[in-house]
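This report refers to the structure that appears directly beneath it.
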Amino acid sequence: MFEAVAEEVFRRYGRVWKASTLAVNRVYLKNQILPWFRGRPVAAITRAEVRRWFAGLRKTPAAANRSLPILSVILGQAALYGYREEGENPCRGIRRYPRPRRERFLTLAEAERLGRALRKAPPAPAALIRLLLLTGCRQSEIRTLRWRDYREGRLFLPDSKTGPRTVWLSEPARKTLDNLARTGPWVFPGAAGTGATAPSRDGPMPAGALARHWRRLSEAAGLGGLRLHDLRHSYASFALRHGESVLTIGRLLGHRDPATTLRYTHFADEMARRAAASVGAVLGEA
């Protein structure tokens, strides 16, 4: 039955997923996939059935889009294990639900306002947020950074979302790190506190604490609607505006798939449009 095969796939194929990815995928398996396919012979699942299942998730498009590749892995591996005839995966070719862009990018004026707010903020969270802006790293990569990962003017991340990678640091980024006190293994340790639920210096700054600092900072800087993750998008957009190639930006961001970086090419299109308008305004008078 499908559920038994799914469990075998998670046990065998799940080794290639990071632990956090495996845990998230299990949630989608439980909530979005098993309610439909439990009890079904895995060999009998057709493209038409997969389409009906996917259509049934249209009210939760984000969950549907995350669940589809998980189901694809299960059915693809089931064929390799001999539970289905090898051939075309019934999930292949099913188009995901379109989702509106959530990216929000800093303008130059907003970046200046953020800089002023950071200079007035507590040193540790200000440095953390400044590093996010200066490196394009994911918040978890900087929030859980250890001093041993910073050497030779670079960050050597042992376990980023796409695996181990090197982050090349600019002079302002290195200066931000060099100005921090080294009080333990964590670059941004949890604040000291009392009580059973108080964060401890034995671990990194909790994600919730960082989120609270960001809310205060973004409000002070007048950055309505800007998420912390949008600093990563902003880093990429500024790099593109200053002439860096999509390939280079992908390496800076640690993208494994070049297609992931192509989301930023609409900035190149906008820059080309503005350049054409500027040139036309000048030459149109000739």
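The values are calculated or read from the model by the stated rules, or taken from the named source; none is laboratory data. Worth saying up front: this structure is predicted, and the values here are computed from it rather than measured. For neighbour counting, all protein chains shown are included, and Cβ atoms are generated from backbone atoms with ideal geometry for every residue, glycine included. To get the accessible areas, we keep the full protein, side chains included, count just its heavy atoms, and leave off ligands, DNA and RNA. Shrake-Rupley method; radii C 1.70, N 1.55, O 1.52, S 1.80 Å.
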(request) Residues being among the small types (Gly, Ala, Ser) and open to solvent by 40 Å² or more (accessible area, probe 1.4 Å): count how many of those fall in the range 56-71. (result) 1
(message) Among (1) at pLDDT 65 or above; (2) open to solvent by 50 Å² or more (accessible area, probe 1.4 Å); (3) within 14 Å of residue 145 (Cα to Cα), there is one condition residue 201 misses while meeting the rest; what is its number?
(response) (1)
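What about residue 22, is it open to solvent by less than 70 Å² (accessible area, probe 1.4 Å), free of Cβ contacts under 8 Å to residues at least 24 places away in the same chain, at negative phi and aliphatic (A, V, I, L, M)?
Numbers: open to solvent by less than 70 Å² (accessible area, probe 1.4 Å): yes; free of Cβ contacts under 8 Å to residues at least 24 places away in the same chain: yes; at negative phi: yes; aliphatic (A, V, I, L, M): yes.
Yes: the conditions hold for residue 22.
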(message) Just to check your reading of the model, which residue among 90, 69, 125 is of a type outside the set (Val, Ile, Thr) and in a loop (DSSP other than H, G, I, E, B)?
(response) 90
